[in-house]
1. Which order results if Val77, Val122 are arranged by neighbouring Cβ count within 10 Å, fewest first?
2. Evaluated at 10 °C with a viscosity of 1.306 mPa s, what Stokes-Einstein diffusion coefficient in µm²/s does segment 50-107 have when Rh comes from the Kirkwood expression over alpha-carbon pairs?
3. Take the alpha carbon gyration tensor of segment 1-85, find the square roots of its eigenvalues, order them as a ≥ b ≥ c, and report rounded if a/c is under 1.5; if not, report prolate when a/b exceeds b/c, else oblate.
4. As an exercise, identify the GluC sites (Glu not before Pro) in segment 1-44 lying in DSSP coil whose Cβ has no more than 14 other Cβ atoms within 10 Å.
Amino acid sequence: MSTGSIESYLAALKAGIPITEPQLRHLCSVVKSLLVEECSVTAVSSPVNVCGDIHGQFYDLLELFTTGGEIPAKSYVFMGDFVDRGHNSVETLLLLLCLKALYPAHITLLRGNHESRQITQVRELAKREARSASPTSRAPLREPPFASPPSRAPLREPPRAMIDRKEFSS
Ligand SMILES: [Mn+2]
């Protein structure tokens, strides 16, 4: 079965349509291959929009792009904590992963403390996954792209962005 294009996943997610588990696996493998090649310190040039914790607030994320401009016309650094607390952790993470897969030069995703198995197991994302009957929504927990730290990064060091030589970290 064809998984389709990542452009089609992005369009579906924006329209509130969930993607399938094979599509999700395809998306995770594409983003994982991008993230393992990134250094733990990512050099970014301004102008760039720097965004704090999204925490599962999917509709606020869509509003943020409406206000700040869409990728790739605008560039963004997200400082981590994409999941938990809000109601739409899976949708939020998948939308950001689609944008990373399609426009890697225009979006930097730093890993926050919630992008770890230890935290998501005790926070809302895990509770939602436990309630959900959909295998699609459980898959990100099993194979999160953030489970693989950048290949050249020390394991405990959080990823950082250098924006015009100024350091930003989550
Ligand atoms: Mn947070």
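1. Details: Val77 19, Val122 10.
So the residues, fewest neighbours to most, are Val122, Val77.
2. Values: Rh = 11.2 Å.
Estimated via Stokes-Einstein, D reaches 141 µm²/s.
3. Oblate is the answer for segment 1-85, as a/c is 1.5 or above yet b/c matches or exceeds a/b.
4. Working: sites: Glu7, Glu37, Glu38; in loops: Glu37, Glu38.
Those that pass, being in a loop and sparsely packed, are Glu37.
Every number in this text was worked out from the coordinates using simple rules, so none of it is lab data. Predicted model only: the values in this text are computed from it and were never measured. When we count neighbours, we look across all protein chains shown, and the Cβ atoms used for this are built from the backbone with ideal geometry, even at glycine.
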